[in-house]
Structures are given as structure tokens and as C-alpha cells.
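K.L.:
My questions will all concern the structure given below.
The values are calculated or read from the model by the stated rules, or taken from the named source; none is laboratory data. If you're wondering where the values come from, they're calculated on a predicted model, not measured in any experiment. Note: ideal-geometry Cβ built from the backbone for every residue, glycine included; neighbour counts use all protein chains shown.
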Amino acid sequence: MRLLIVEDDRKLAEFVARGLRAEHFSVDIAGDGIEGQQYLDSYQYDLLILDLMLPKLSGSELLRHARRGDSTLPVLVLTARDATEDKVTQFEAGADDYLTKPFDFAELLVRVKALLRRTPVARTDVLRVADLELNRLTQQVRRGSQRIELTAKEYALLEYLMSSAGRVFSRTMILEHVWDQSFEGVTNIVDVYVRYLRRKIDEPFPVELIHTVRGVGYCIRE
Amino acid sequence: MNHRSLAFRLAVWYALLLSATFALVGIGMFYGLDQYLRANLRDSLRRRSLQVEQILQQAPAALSDSAIAEAINTRVSPEFNNRFVRVTRAPATPVYRSGEPADRSFDSAAVPPPDVPWPASALVRQIDTAAGPLLVSITPMASASGRYLIELGTALGPVEAVQRRLLGLLGLLLPVLVACAAGGGYLLVNWSWRPVERMSQTAEQISVQDLDARLPVVATGDALQRLSISLNLMLARLRDSMHTSRRFLADASHELRTPLTVIKGELQQLVADPGARSEERERIGSVLEEVARLEHLVAGLLVLSRLDAGDARREWCDVNLGELAASTAEQMHLVADDRGVRLQASALAPVTIRGDAGRLKQVIVNLLDNAIKFTPRGGTVTVRTEALDGNGMLEVRDSGIGIPADSLPHVFDRFYRVDAARSRDEGGAGLGLSIVRSICSAHGVEIEIDSIVGSGTRFRLSFPLPAVRQGST
């Protein structure tokens, strides 16, 4: 899979590229709109990661140019602005998804993978981590032979963590997926819910599954 | 009537000054007239007295008293002229006394003799009688037939009548004139005050949100016109500086986002590196926690700058305040439980208002979060909604530590902390209540805070109900 990052902030581009290369993508970096255009014209890409505010040629213009060349190329827009109207303009211009800075690399990776898959993967009905089991159809959770009763929010939180076992989810990601933006920057609501969740699924058992990664967030793994 | 208003005070001053002026003029007129009338009377008495003198001078020594009386009656006719005439020959022989005057203004028989027995020269005396005061000229004279004392008088009644009429006239006119002048002055001042009134009305309607509005310029060509123009210029400068500071806030929070992404990303990759020692992980984690705080701060500033730009007025719909408060409280329940605070969502009456549901939820979240943070274990936080006096009311009350009175006006200021050390521990950026205020002002909501240190704080938000704000969107 070959990806192009068009981003004028060299360091940001490199850190994203490094992370993506670690996930076995091959990544090119263009530092401005014109360079991005040249890369796009010269090579075939599977995905374009695009900053909207670019020198020489703006991101929106580059986006239109890319759409003229290959209308199926998935485009993930990075933006420092997240006002609603900006989102609308980006989607009108042909972006498939957007991420607002400052974003978590984990979130970017999720979006990139989703865009590359394009067609939604068949959802597994039963998620498993070690002896913990979550059934999406019956909305039941059990660990080993024991059934665990969760509140709706606890269930949503656990489902989100288990949707990608082993990945670290940042508090921002959890907040945006399980709650909504109203809670951003205000409360330690995520920590509180994780604590309650641990009481139910970890504390009665010998092996802990939910792990705290200090400064980053939480992950569930064996 | 406002007793401290300039118009009222001016009118009172007008009235006082005018009263004093009129009183002085009145007193002057009264005494001037008195002097003038008395002088006139004196002259006329002297002329008559001279006539009597001439009669006595010319009379032959042998002329009888009755002939003298006859002569006086014919030439002076005192009764007809309402004059009193008495002629006495030395030492005390009455020669003549006039009869009742035609107007009966005095009783000539009751006029007492002069208090100066025999004056050396002519003089004028005021003599009080039962019927009223008389002005009497007393003239001594000598002729061939002997020495005589001529008394010639007239009643002062008519003079006093004129004076009384003058007093009456002044007493009637003065209050009327003063009242007219004071009332007119009051109206005039009020009238000339009207442009200022209009200016201040417009000025009151200008909020930080619409600094483009201008005051009406009054074309009076004086200080008032200059005042309105200079106020407008000041508004323009204010708007420019507001723009600059908003622009700066927006730019700064945008510019911080890219470096934050890099810092966060790089550090997260370091933490994720399986080769990292756990001590390093801890340190990086601690830095990452600070990065998260910066992130919250930048996000908060961005929210504020977007609200400044009028972002909260775009997506308005009907919002059930009661339901919104109930669902938000439900979501915050565990956070409160965790801190040992009871969160009550009681009496949530269905109140439908118009607004941006997402933003309004943020208001409730921020208020509840704030209340929970500053309520000690075992305390209670209550959220309530009701429709009151045509307003939708949302109330968040806590039994927390309270806010000192001198801090109350500042709690909505950006980065303001009542107690710096404590609230920083709570991880607050000091923007939560500023965001609340910005959203509220975009919704035309009035915020009221009551707080008692040690016993709790109450935030009351009054939302205009849709019926009230018809016509505006």
C-alpha cells in the first residue's frame, strides 16, 4: 500500500510517516501543494493524507486536482480548524474523512485502515480477550463462566476497547466515541468509568486485562 | 420624578433664584410705592395748609372765628376733599375744626391733639385714630391776630389699600411665575437631554457581539455632537481591538495545534516502544499528561474564539431543557458518585427553548462539573428546570465550599481561579465558566449567581422562551 502525505510541517509529516511505515505502509512526503501535485501526477497512490493549509497550492485546490485525476482515491484531510462549516466544505471538496489536530496517531491509523478497506468488514459478533467475552448480539458480557452486568455506558466503553484489543486508546478517542464533545476537557469522566469497569471485570479475577498507559490512555489485552 | 436628575435640580435652582429675585423686586416696589404715595400726600397737605395760612394771614385782626371758619370752608372745603383741618389759637383756643369727611375715613372729633404741644417749625406726624391712621401736617404760624397752629390731615387708608392690592397682586403672580419658570426649565432641560437619552439607549444595546452598531450623531454643532462623534470613534477603536484580540486568540490556538500533534505523537511512540525502560515510560507519561492539559487548554480557547465569531448561532432548534439536563446529569452521575457527591436531577419540568443543543449540553456539563469539583464528599449537587415568568429557568445548586463575594464578578473571566492552587489540582484550565458565559450570551440567557462561603453556590440561567423572541433567529 502506498500513501502520500502532503503536509508543510516537516516534523508532523515525518512522525506520521514513521508510524505508518511501522505498520508496513510505504509513505511519501510532499512539503507543499505543488510538490504534492507532482507526486500525485507521477505515482499511483492508495491513499492521500492532506493538510488543508499548504503553501503555494492550497489543500482544497490539490484535493480538486486529485479528484480530477482519480475520483476513487481515498483522501484523509488533516485540519487545524474544526468548525462545522469547514467540515462541510471539506466534504463538498471531496474529502472522505477528516482529522482535527492535535490528533492521536492511533486514531489516524484507525481512519487510514478504514479508508483503505473501503467496504466495511464483516463485524464480528463476539469479541474475545483472554477469557473475557462480549457478545454484540445479546449485549452480554462474561468472564470465564461468570456473567457480568454492565450499564449502557460501561458496555459501550468496553466494546470500544475490545474492538481493537492491544491498541492503546487515548482519553480523547474514548470520549469522542463513547460520549460526545461536550465532555471534552472538563471531567475525568473516562477515568471514572474505566475504574468502575475494572471493578466489574478485573478486580474479582486474578489476571488484569485493562491496562493504563500513563499519559496516553487505556488498552485491553492479555 | 427623579429627585437627583439634572433637570429636577436645575428646575429647583431656577425656582429658588426666581423667588429670590421676585421677592427683592416686590419689596422694592412696595417700599418705593409707599414712599412715593406718602411724599405726594405730604405735598398736598402742605399746599392745603398754606391755603389755610394765607386765610389767617390775610384776615383782619378783628375777623371773628366764625368768619375764619367760613373762609376755610369755602376755600379749602375739607369735608368734600376728605381732609381734616383744625386751627388752634395760642395758647389753646380752638378756632376751627372740619366736620365729617365725605368718605367717612376718619372721625374728626376723635382726632387727638398733637403730641408736640407747640412745635417750633412745621412737621408731619402719623396719628393713629380709632378709624385708622391719619397723616397730619402740623404748622405753627403767627399773624396780626395772634399765633396759630394749623393741623391738616388725611386718612392713610387709600395708601394702605393700594399697598394691599400690590401685595395681593405680587402674592398671586409670584408663585405662578415661579412655577411657570421652574416647569418650563424642567421641560427644556429634559428636551435638550433627549439626544443624550437616545445615545445612551443605543449604547446600552451595543454588546461585545455587535460592535458595528453606532450611536446616533446629534447635529447640534456643540459639545453634544462632538461627544457622539468621539464615542462612535471610540466604538470603532474598540471593535478593531476586539477583532485583533479575537484574531490573535483564534490564530494562537490554531498555530499551537500542529506542534502539539507532533509532541504528542512522538512521545506516544516513545512510550509504545517495547525497548523503553519503565522509568522512562513514567517520565514520558508525565510529560504526556501535561501535553493533554495543553490540549484541553487549546481546545477551550478554540471553542471560545469560535463562540466569539458567532458560531453558537448557527444550528438552532427546539431543545427540551428538562430532558437535556436529565440526560446530562445521568451521564455525570458516576463522576459525582466517584467523589462521594450526590447528584440530584429533580423537578425537571419540560421547558422548550430554542438553541444549539450541543452547546447547551456543554453549558450543563461545565456547570455540573464545576459544582461537583467544589463540593466536598457527602455534599449534594442539584439541577432543576422550570418555566418561570415567561422564562425557561435552569438552576444548578451545590452544597459546596462557595465563592467569596469579591470573586463573584470574576468567575466568568478567562483563566480566573478563585483559589489558584486548589483548582489547578483539579485539572481545570479556568475556561469552563467563560465558555458557559459565551454560550449563554449567544442564547440571550441571563446568568445569576448566589453564593455563601461554606454553604454553597447557586447558578440560575434564565432562557428567553421562543414565544418571546419571535422574529429573531
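K.L.:
B:Pro114 versus (1) out of contact with any Ser or Thr (no Cβ under 7 Å at 6 or more places or on another chain); (2) modelled with pLDDT of 80 or more; (3) surrounded by 14 or more Cβ atoms within 10 Å (Cβ to Cβ): which is the lone unmet condition?
P.N.:
All conditions are met except number (2).
K.L.:
Something else about it: Out of all the residues in segment B:54-87, which are part of a loop (DSSP other than H, G, I, E, B) and not hydrophobic (A, V, I, L, M, F, W, C)? Walk me through it before giving the result.
P.N.:
Pass one, segment B:54-87, residues part of a loop (DSSP other than H, G, I, E, B): B:59-64, B:76-82.
Hits for segment B:54-87 are B:Pro60, B:Ser64, B:Ser77, B:Pro78, B:Glu79, B:Asn81, B:Asn82.
K.L.:
Going through segment A:45-80 one residue at a time, which ones are surrounded by fewer than 19 Cβ atoms within 10 Å (Cβ to Cβ) and either over 24 Å from the mean Cα position of the chain (by Cα) or within 14 Å of chain B (Cβ to nearest Cβ) (or both)?
P.N.:
A:Met53, A:Pro55, A:Lys56, A:Leu57, A:Ser58, A:Glu61, A:Arg64, A:His65, A:Arg68, A:Gly69, A:Asp70 - these are the residues of segment A:45-80 that are surrounded by fewer than 19 Cβ atoms within 10 Å (Cβ to Cβ) and either over 24 Å from the mean Cα position of the chain (by Cα) or within 14 Å of chain B (Cβ to nearest Cβ) (or both).
K.L.:
Quick check on this structure: which one of B:Val396, B:Val383, B:Val411, B:Val365 is touching a Phe, Trp or Tyr at 6+ places or on another chain (Cβ under 7 Å), hydrophobic (A, V, I, L, M, F, W, C) and within 19 Å of B:Ser455 (Cβ to Cβ)? So that I can check it myself, show each step before the final result.
P.N.:
Values: B:Val383 fails: touching a Phe, Trp or Tyr at 6+ places or on another chain (Cβ under 7 Å); B:Val411 fails: touching a Phe, Trp or Tyr at 6+ places or on another chain (Cβ under 7 Å); B:Val365 fails: within 19 Å of B:Ser455 (Cβ to Cβ).
The unique qualifying residue is B:Val396.
K.L.:
Looking at A:Glu133 and the list (1) among the acidic types (Asp, Glu); (2) over 26 Å from B:Ile372 (Cα atoms); (3) touching a residue at least 24 places away in the same chain (Cβ under 8 Å), which single condition is not satisfied?
P.N.:
With respect to (1) among the acidic types (Asp, Glu); (2) over 26 Å from B:Ile372 (Cα atoms); (3) touching a residue at least 24 places away in the same chain (Cβ under 8 Å), A:Glu133 is out only on (3).
K.L.:
Which of the following residues is small (Gly, Ala, Ser), modelled with pLDDT of 85 or more and surrounded by 17 or more Cβ atoms within 10 Å (Cβ to Cβ): B:Ala161, B:Ala155?
P.N.:
The conditions single out B:Ala155.
K.L.:
Which of the residues spanning segment B:355-383 are of a type in the set (Lys, Arg) and surrounded by 19 or more Cβ atoms within 10 Å (Cβ to Cβ)? Before you say what the answer is, go through the steps one by one.
P.N.:
At the first step, the residues of segment B:355-383 found to be of a type in the set (Lys, Arg) are B:359, B:361, B:373, B:377.
Across segment B:355-383, the qualifying residues are B:Arg359, B:Lys361, B:Lys373.
K.L.:
If you take the residues of segment B:233-288 that are of a type in the set (Gly, Ala, Ser) and over 22 Å from B:Ala299 (Cβ atoms), which of them is surrounded by the fewest Cβ atoms within 10 Å (Cβ to Cβ)? Show your work before the answer.
P.N.:
Quick first cut of segment B:233-288, residues of a type in the set (Gly, Ala, Ser) only: B:236, B:241, B:245, B:250, B:252-253, B:265, B:272, B:275-276, B:278, B:285-286.
Subset that is over 22 Å from B:Ala299 (Cβ atoms): B:236, B:241, B:272, B:275-276, B:278.
Values: B:Ala236: 13, B:Ser241: 11, B:Ala272: 18, B:Gly275: 6, B:Ala276: 14, B:Ser278: 8.
The extreme case among them is B:Gly275.
K.L.:
Sticking with this one: Return the pair list, or none, for Cβ contacts closer than 7 Å from residues in segment A:6-24 that are assigned to a loop (DSSP other than H, G, I, E, B) to residues that are of a type outside the set (A, V, I, L, M), at least 6 apart or on different chains.
P.N.:
These pairs meet every condition: A:Glu7/A:Asp51; A:Asp8/A:Gly31; A:Asp8/A:Asp32; A:Asp8/A:Asp51; A:Asp8/A:Pro55; A:Asp9/B:Thr258.
K.L.:
Got a number for residues in segment B:27-72 being touching a residue at least 12 places away in the same chain (Cβ under 8 Å), over 17 Å from B:Ser143 (Cβ atoms) and of a type outside the set (D, E, K, R)?
P.N.:
Number satisfying all stated conditions: 7.
K.L.:
Okay, moving on. How many of the residues in segment A:13-26 are crowded, with 17+ Cβ neighbours inside 10 Å and away from chain B (no Cβ under 14 Å)? Outline the logic, then answer.
P.N.:
Keep residues of segment A:13-26 that are crowded, with 17+ Cβ neighbours inside 10 Å, which gives A:13-17, A:19-20, A:25.
In the following step, the residues that additionally are away from chain B (no Cβ under 14 Å) were identified as A:25.
Adding up the residues that qualify gives 1.
K.L.:
Exactly one of (1) within 26 Å of B:Gly379 (Cβ to Cβ); (2) modelled with pLDDT under 90 is unmet by B:Glu448. Its number?
P.N.:
Tallying (1) within 26 Å of B:Gly379 (Cβ to Cβ); (2) modelled with pLDDT under 90, B:Glu448 fails exactly one: (2).
K.L.:
Could you tell me whether any residue of segment A:169-183 is more than 25 Å from B:Arg281 (Cα to Cα) and in contact (Cβ under 8 Å) with a residue 60 or more places away in the chain? Step through it out loud before you land on a result.
P.N.:
Taking segment A:169-183 and keeping what is more than 25 Å from B:Arg281 (Cα to Cα), we get A:176-183.
Checking the rest, the ones that are also in contact (Cβ under 8 Å) with a residue 60 or more places away in the chain come to none.
The answer is no, given that none of the residues of segment A:169-183 is more than 25 Å from B:Arg281 (Cα to Cα) and in contact (Cβ under 8 Å) with a residue 60 or more places away in the chain.
K.L.:
Regarding segment B:377-390, can at least one residue be identified that is within 14 Å of chain A (Cβ to nearest Cβ) and farther than 20 Å from B:Ser441 by Cα?
P.N.:
Keep residues of segment B:377-390 that are within 14 Å of chain A (Cβ to nearest Cβ), which gives B:381.
From the residues that got through so far, the ones that are farther than 20 Å from B:Ser441 by Cα too are B:381.
Yes: segment B:377-390 contains one or more residues that are within 14 Å of chain A (Cβ to nearest Cβ) and farther than 20 Å from B:Ser441 by Cα.
K.L.:
Can you give me the ranges of the strands (runs of 3 or more DSSP E) entirely in segment A:126-214 with at least 2 residues that are within 14 Å of another protein chain (Cβ to nearest Cβ)?
P.N.:
Counting at least 2 such residues, we get A:210-213.
K.L.:
Of the conditions (1) within 30 Å of B:Glu53 (Cα to Cα); (2) free of Cβ contacts under 8 Å to residues at least 60 places away in the same chain; (3) outside any helix (DSSP H, G or I), B:Ala213 satisfies every one except a single condition; which number is it?
P.N.:
(1)
K.L.:
While we're here: It is to be established whether one or more residues within segment B:124-146 are exposed (fewer than 14 other Cβ atoms within 10 Å of the Cβ) and touching a residue at least 40 places away in the same chain (Cβ under 8 Å). Don't jump to the end; show me each part of the working.
P.N.:
Step one: filter segment B:124-146 for residues exposed (fewer than 14 other Cβ atoms within 10 Å of the Cβ), giving B:126, B:128, B:130, B:132, B:142, B:144.
When the remaining residues are screened for being touching a residue at least 40 places away in the same chain (Cβ under 8 Å), the result is B:144.
Within segment B:124-146, one or more residues are exposed (fewer than 14 other Cβ atoms within 10 Å of the Cβ) and touching a residue at least 40 places away in the same chain (Cβ under 8 Å).
K.L.:
Taking the criterion of being part of a strand (DSSP E or B) and touching a residue at least 40 places away in the same chain (Cβ under 8 Å), would at least one residue in segment B:366-383 satisfy it? Write out each step before concluding.
P.N.:
If we filter segment B:366-383 for residues that are part of a strand (DSSP E or B), which is where we start, we get B:380-383.
Okay, now just the ones that are also touching a residue at least 40 places away in the same chain (Cβ under 8 Å), so B:381, B:383.
Yes, the conditions are met somewhere in segment B:366-383.
K.L.:
I'd like the full set of residues that are touching a residue at least 60 places away in the same chain (Cβ under 8 Å) and among the aliphatic types (A, V, I, L, M), limited to segment B:188-202. Give the derivation first.
P.N.:
At the first step, the residues of segment B:188-202 found to be touching a residue at least 60 places away in the same chain (Cβ under 8 Å) are B:189-190, B:193.
B:Val189 - this is the single residue of segment B:188-202 that is touching a residue at least 60 places away in the same chain (Cβ under 8 Å) and among the aliphatic types (A, V, I, L, M).
K.L.:
Moving on. If I ask for residues that are at pLDDT below 85, closer than 22 Å to B:Ser434 by Cβ and among the aliphatic types (A, V, I, L, M), which ones from segment B:207-241 would you list?
P.N.:
Once the filter is applied, which keeps residues that are at pLDDT below 85, closer than 22 Å to B:Ser434 by Cβ and among the aliphatic types (A, V, I, L, M), segment B:207-241 yields B:Val208, B:Leu211.
K.L.:
So, one more: Among what's in segment B:403-430 and is at pLDDT 85 or above and buried (at least 19 other Cβ atoms within 10 Å of the Cβ), pick the residue that is nearest to B:Thr352 (Cα to Cα).
P.N.:
Among those residues, the one meeting the criterion is B:Val411.
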